[in-house]
Amino acid sequence: QVQLVESGGGLVQAGGSLRLSCAASGRTISTYGMGWFRQAPGKEREFVAAISWSGGSTYYADSVKGRFTISRDNAKNTVYLQMNSLKPEDTAVYYCAEAMTAYAGPSNEYDYWGQGTQVSVSS
């Protein structure tokens with residue numbers, strides 16, 4: 001079983017940047033796709049970005065494309081989400097999750113989730 005812990009959230013002004021980390025423990029995540037999701041107050045959880053096991057394939061929601069970058073360091077068992085040009089509408093709790101397969105996207109099943117980290121963007 002794998003445990004996922006997100007960090008790096010905080011309060012930032014619009015136009016600023018944050019880098020989220022998702023550290024895994026318990027076993028390696030290197031053979032699994034990974035994803036980032038977010039949930040704003042009163043809204044459904046939504047897909048943000050995903051990355052394949054090797055990092056060779058990535059997928060982004062249209063709302064973050066060109067501003068966010070997902071990456072991974074399998075040697076550190078960690079996945080990252082670099083968020084630039086942040087907007088108030090990016091405010092949400094951000095979760096990382098492990099896909100059930102080596103590739104990941106918005107339609108994949110994810111079976112392990114972190115506890116989330118809060119990102120707040122002020123206007």
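The values are calculated or read from the model by the stated rules, or taken from the named source; none is laboratory data. As the structure is a prediction and not an experimental result, all values here were calculated from the model. Ideal geometry is used to build each Cβ from the backbone, glycine not excepted, and the neighbour counts take in all protein chains shown. Only protein heavy atoms, including side chains, enter the accessible area calculation; ligands, DNA and RNA are left aside. Shrake-Rupley method; radii C 1.70, N 1.55, O 1.52, S 1.80 Å.
Give the Rg/Rh ratio for region 1-46, taking Rg as the radius of gyration of the Cα atoms and Rh as the Kirkwood radius, to two decimals.
On the way: Rg = 13.5 Å, Rh = 13.0 Å.
A ratio of 1.04.
Going by amide H atoms built from the backbone, whose H comes under 5 Å of the H on TYR112, apart from near neighbours?
Residues meeting the criterion, in which the H sits 1.01 Å from N, are GLU98.
Evaluate region 21-93: find the radius of gyration of its Cα atoms, find its Kirkwood radius, and give the ratio Rg to Rh.
Numbers: Rg = 12.7 Å, Rh = 12.9 Å.
We get a ratio of 0.98 for region 21-93.
Straight distance only, please: which lysines reach the Cα of LYS87 with their own Cα at less than 20 Å, same-chain residues fewer than 8 apart left out?
In chain and number order, the partners are LYS43, LYS65.
How many nm is it between the label spots at ASP62 and SER123, if each spot is 7 Å from the Cα in line with the beta carbon?
2.3
So if I restrict to the alpha-carbon atoms in the chain, what is the Rg, and what is Dmax, the biggest pairwise distance, in Å?
13.3, 40
In whole angstrom, note down how far apart the Cα centers of region 31-62 and region 64-123 are.
With region 31-62 and region 64-123 each reduced to a Cα centre, they are spaced 5 Å.
Suppose each label sits 7 Å from its Cα in the direction of the beta carbon; what would the ARG45-GLU89 distance come out to in nanometres?
Rounded to a tenth, the inter-label distance reads 2.2 nm.
Find the accessible area per residue for the chain; the probe is 1.4 Å, ligands and nucleic acids are left out, and the unit is Å². Could the numbers behind the result be given before it?
Values: 6100 Å² over 123 residues.
Accessible area per residue: 50 Å².
On the accessible surface of the chain, probed at 1.4 Å, how many percent belong to carbon and sulfur atoms? It would help to have the intermediate numbers written out before the result.
Working: 2900 of 6100 Å².
Carbon and sulfur atoms account for 48 percent of the accessible area of the chain.
Hey, can you grab everything whose amide H is under 5 Å from the amide H of VAL48? Only 5+ residues off in sequence or another chain; H modelled, so Pro and N-termini drop out.
For VAL48, the qualifying residues are TRP36, PHE37, ARG38.
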